[in-house]
Amino acid sequence: MQGSKPGQSLDVLPLIRRARSGDAGHIADVFLAARAEMTYLPRLHSDEETRAWITHIMLPASQVWVAELNGEIAGFACLQSNWLDHLYVTPAAQGRGIGTALLDHAKKTHPHVLDLYVFQQNDGACRLYERHGFTLVEERDGSGNEENLPDAHYRWRSAGTPDAS
């Protein structure tokens with residue numbers, strides 16, 4: 001690397017690209033690792049069920065973007081219409097701008113309005129979304145998600161986009 005010394009670590013921006021079917025296993029690895037760190041989440045599905053869901057349901061039915069860092073998938077964002085359904089970064093790569101890069105890409109892909117739900121206990125994600133211009137729409141009791149945990153609906157709206165709630 002130009003300008004670097006042996007052993008010197010450089011900040012590397014992730015490469016954001018559209019997910020391919022062959023990425024399913026790596027996306028599942030990120031999903032499972034990130035959720036394993038969320039100790040408040042109940043374990044509802046086996047790893048095999050989760051991998052099958054990502055391969056056969058999530059990837060074919062959604063717009064999925066991956067973040068590669070040094071050639072490895074370190075995070076992904078899953079969008080359906082104007083909803084950000086999932087944004088996960090592997091724990092080893094958190095705090096390195098990958099979530100921000102994926103969020104920025106999602107906002108470019110959906111330049112007017114982007115909605116999401118996040119577990120209220122996920123303080124780090126709530127702070128990330130708020131730092132990037134998302135505002136709280138409502139807090140819910142968890143009856144609308146399979147984990148039955150309180151969640152929050154956030155919305156980002158670009159400047160000049162009328163409020164059509």
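The values are calculated or read from the model by the stated rules, or taken from the named source; none is laboratory data. If you're wondering where the values come from, they're calculated on a predicted model, not measured in any experiment. Virtual Cβ from ideal backbone geometry, glycine too; neighbours counted across all protein chains shown. The area values use the complete protein model at the heavy-atom level, side chains included, leaving out ligands, DNA and RNA. Shrake-Rupley method; radii C 1.70, N 1.55, O 1.52, S 1.80 Å.
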Task: 1.4 Å probe accessible area per residue over the chain, in Å² - done: 57
Open item on the list: Ordering 156, 83 by accessible area with a probe of 1.4 Å, largest first, what comes out?
Closed with: 83, 156
TODO: Give me the Debye-computed log₁₀ of I(q)/I(0) at q = 0.13, 0.17, 0.30 Å⁻¹ for the stretch 107-165, equal point scatterers on Cα only, no solvent, two decimals.
DONE: -0.35, -0.58, -1.22
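Would you work out the relative contact order for the chain, in percent, from Cα pairs under 8 angstrom that are 6 or more residues apart?
Working: 241 pairs, mean separation 30.9, N = 165.
For the chain, the relative contact order is 19 percent.
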Task: Computed over the stretch 72-125, Kirkwood Rh from alpha-carbon pairs, angstrom - done: 11.7
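Over the stretch 27-155, what percent of the accessible surface lies on carbon and sulfur atoms, probe 1.4 Å? Provide the component values of the computation, followed by the final result.
Details: 3070 of 6430 Å².
Ligands and nucleic acids excluded, carbon and sulfur give 48 percent.
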Open item on the list: Taking R0 as 22 Å, what FRET efficiency do you get between residue 80 and residue 130 from their Cβ-Cβ distance, rounded to the nearest 0.05?
Closed with: 0.45
Open item on the list: Using a 1.4 Å probe on the protein heavy atoms only, what accessible surface does residue 109 show? Give it in Å² to the nearest 10.
Closed with: 40
- [ ] State, to one decimal in nm, how far the label point of residue 41 lies from the label point of residue 70, with both points 7 Å from Cα in the Cβ direction.
- [x] 2.4
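For the chain, return all DSSP H helices satisfying: extent of Cα atoms along own axis at least 15 Å; mean Kyte-Doolittle hydropathy at least 0.5.
Numbers: long enough: 24-37 (20 Å, 0.66); 98-109 (16 Å, -0.05).
Length and hydropathy pass: 24-37.
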TODO: Please express the shape of the stretch 39-94 as an equivalent ellipsoid: the semi-axes are the square roots of 5 times the eigenvalues of the C-alpha gyration tensor, given largest first in whole angstrom.
DONE: 18, 17, 12
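State to the nearest 20 debye the size of the charge dipole of the chain about its Cα centre, where the only charges are +1 on K and R beta carbons and -1 on D and E beta carbons.
660
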Task: Projected label distance in nm at residue 139 and residue 121, using a 7 Å step from Cα toward the beta-carbon - done: 1.5
Open item on the list: If you count only protein heavy atoms and use a 1.4 Å probe, how large is the accessible surface of residue 12, to the nearest 10 Å²?
Closed with: 60
Task: Whole-percent pair-distance distribution, where bins are 10 Å wide, for the alpha carbons of the stretch 25-165 - done: 11, 42, 39, 8, 0
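If you average the sequence gap of Cα pairs under 8 Å that are 6 or more apart and divide by the length of the stretch 20-100, what percent do you get for the contact order? Show your work: numbers first, answer last.
Values: 92 pairs, mean separation 24.1, N = 81.
Relative CO of the stretch 20-100 lands at 30 percent.
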